[in-house]
Amino acid sequence: MRRALSRVLISLTLTLCPQFFDVAVADDSADVRALKKQVESLQRTVEQLQNAVQSMQGAPARTPAPAAPQNPIDQFMAQEGIATERPSTGRAEAAARPSTGAAAQRYIDLSFIPSFYSGASSKRDGVLQTLQAGGHDPRKRGFTLAEGELGLAGVVDPYFQAQAYVSTFIDPQSGETGVELEEAFLTTRSLPYGLQLEVGHFLTEFGQINPRHPHNWDWIDQPVINNRLFGPDGMRAPGFRASVLLPQLFPGWWTTDNFTSTIHLGMQNANGVTMTSFLGGQPVNSASDKEVGNRPRISRDTRALKDFVYLTRWENFYDFRNGLSTNIGVSGLYGPNATGPRGDTWIYGFDMKWKWRPNNSFRGWPFVTWQTELMQRDYRADRFTLVHEDESGEVTTLPRRTLHDWGAYSQLLYGFSYGGYGGWAAGVRYEYAGSSGQSIGGRQHDPFRADRHRVSPLLIWQPSEFTRIRLQYNFDNAKYLAGSNNAHAVWLGFQWLYGQHPPHEY
C-alpha cells in the first residue's frame, strides 16, 4: 500500500510540474528557476521516502548492538561467545521446538553437571549414612563427589521429544564408582486439548522435590520426609504418565488467562530399589533386607492391575501479574507393599511454592521463594507367621498393622543481590518427621521412623548461570542417635554446568 502511494506521488509530480513551468516562463524566469529547485527538492524527498518504505517492507530491521559487558563474568562470556539463554526443551514445554524440519529433528541438548561437597560433622561417617540418607547427599567427612549427571534432551520428530539422564557417583564409604539411569522417557508434543503423554523410566510426579534432580534443589540435601517415603534416590520406575490442561480441555469454563490447572494420572511398576514404600523395600543403605518398620519381606509377582503403583496429582498455577506467582498441588499414590498379599500403601501430599520476582529484575534478582510440602504414608503391613529354625520350633506371628508416617519441610530463600560478581541468596529450611505404630525393635531405634527435627540455614553465591557455590549448616535432633540426640554438620558445595540443559519447571 505504501509503495503504491509513493509511486502515484512521483507520477503526479513529474506530470504536473513541467506544465506549471511552461506557464511560468512567460511571467518571470527567476521565479521559474526557483520553482524548478523546489520541484527537484521535492523529487529527492519523494525518492527518499520511497526507499524508506521499501526498506520497512522488505529489509530486515536493524537491531541495536548489545551493550558492552560491565563485569568480568559478562566480559569473559562475550569474549568466548557463550550464550546465556538456553533452548526450551523442558518437560513442561512440550512444544518449545519447531514441529517440522530436519534441523529440529537433529537438534539435541547435551549437558554434564557435577556436584562436589566438602564438610565436617559432629557424628562419624557410619552415623552420617542415616543422618544424610539421600543418595546424592554429602555423607562423609571430608570430600564427596555426590553426582555427575549427564543429560541428553531433544526433539525426536514432529510428534515426540525425549530426555535421558545418567548419573555417576563415587560411593563415600567404599570409594567405588557407581552408575545409574535416573530417567529416560519420551513425551508427546502435539496432542489436542492440552493432553500430554509421557512414557519410559521417570521420576514420579509427586510434590515439588521428588520430580526434580538433586542439582535443581535449592538446599544441598534431600528432605528427611522425602527420604523416608521415597528412598535415597527418589521414587522413580518405568511406566506412563498422562496429563491434561483443564483450561484447554474446557475452554468455556475459564475466564482468565493467568490461571492454569493440570491433572496428572500415572501408572508405574511397584518393584525396584527406588520404590521404598511399595515392593522395593528399605533404602539401599539400610542394614538389612527389611520392609518399613523392619517387617519381614516376601516375594510378590506382578499378576494383575492391583500390583502396580497409581498416581493422581492436581496442580494449579496462578500469576498475580505483579511479580508474584504461586503453584499449589495435591498428590496421591496407591500400590502394594512386600509384607504380604494383602499389604498395601497409601501416600498423600500437599505442596505449595510462592515466588516473587519483580518485572524489572536483573537476571532473576532480586527474588523470594517460599516452598512447603506436607505428606503422610499409611503403610498397611500384612499378617506374617515366622517359624524359627532352631530345635524349639517356636512360631512367631506378626499381626496385621497400619504404620503411619508423616512429615513436612518449609523453606524460605531470598535472593538479595546481583552485582559485578554474580548473585547472592540466603535462606533457612525447617523439617520435621514423625510416625505412629511400632517398628520391630522399637520405633525410636529405627533411623527411618524415629521422631526427628532439622534446621538448615543456607548461603548461596552464584557467579554466573553456569556455577553455584552453597554453604549449609545442619542442626539435627534425632531420637535414634545414641548419647546426645543432637548432631551438627557444615557442608560446602560446588556445582557447575557444561553444555546446555533443559530449563527446569516452576
Inset, instruction - Return the residue satisfying two criteria in turn: it lies in the stretch 418-456 and is touching a Phe, Trp or Tyr at 6+ places or on another chain (Cβ under 8 Å) and of a type in the set (Lys, Arg), and of such residues it is farthest from residue 339 (Cα to Cα). - result: 429
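Looking at 155, 179, 199, 166, can you tell me which residue is under 14 Å from residue 243 (Cβ atoms) and of a type in the set (A, V, I, L, M)?
199
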Inset, instruction - Please give the number of the condition residue 400 fails out of (1) more than 30 Å from residue 486 (Cβ to Cβ); (2) buried (at least 17 other Cβ atoms within 10 Å of the Cβ); (3) touching an Asp or Glu at 6+ places or on another chain (Cβ under 9 Å). - result: (2)
Legend entry - Per-region count, the stretch 204-260, residues free of Cβ contacts under 8 Å to residues at least 24 places away in the same chain and within 15 Å of the chain's Cα centre (by Cα): 1
Legend entry - Considering residues of the stretch 209-268 that are of a type in the set (Phe, Trp, Tyr) and in a strand (DSSP E or B) only, the residue nearest to residue 448 (Cα to Cα): 240
Inset, instruction - Give the residues of the stretch 464-494 that are in a strand (DSSP E or B) and exposed (fewer than 15 other Cβ atoms within 10 Å of the Cβ), sorted by residue number. - result: 467, 475, 486, 488, 490, 494
Legend entry - Qualifying residue in the stretch 294-310 (condition: in a helix (DSSP H, G or I), over 15 Å from residue 267 (Cα atoms) and in contact (Cβ under 8 Å) with a residue 40 or more places away in the chain): yes
Inset, instruction - Spot the failing condition for residue 430; the list is (1) surrounded by fewer than 15 Cβ atoms within 10 Å (Cβ to Cβ); (2) of a type in the set (Phe, Trp, Tyr); (3) at pLDDT below 95, and only one is missed. - result: (3)
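The values are calculated or read from the model by the stated rules, or taken from the named source; none is laboratory data. From a predicted model like this one, the values you see are computed outputs, not experimental measurements. With ideal geometry, Cβ positions are generated from the backbone for all residues, glycine too; neighbour counts draw on all protein chains shown.
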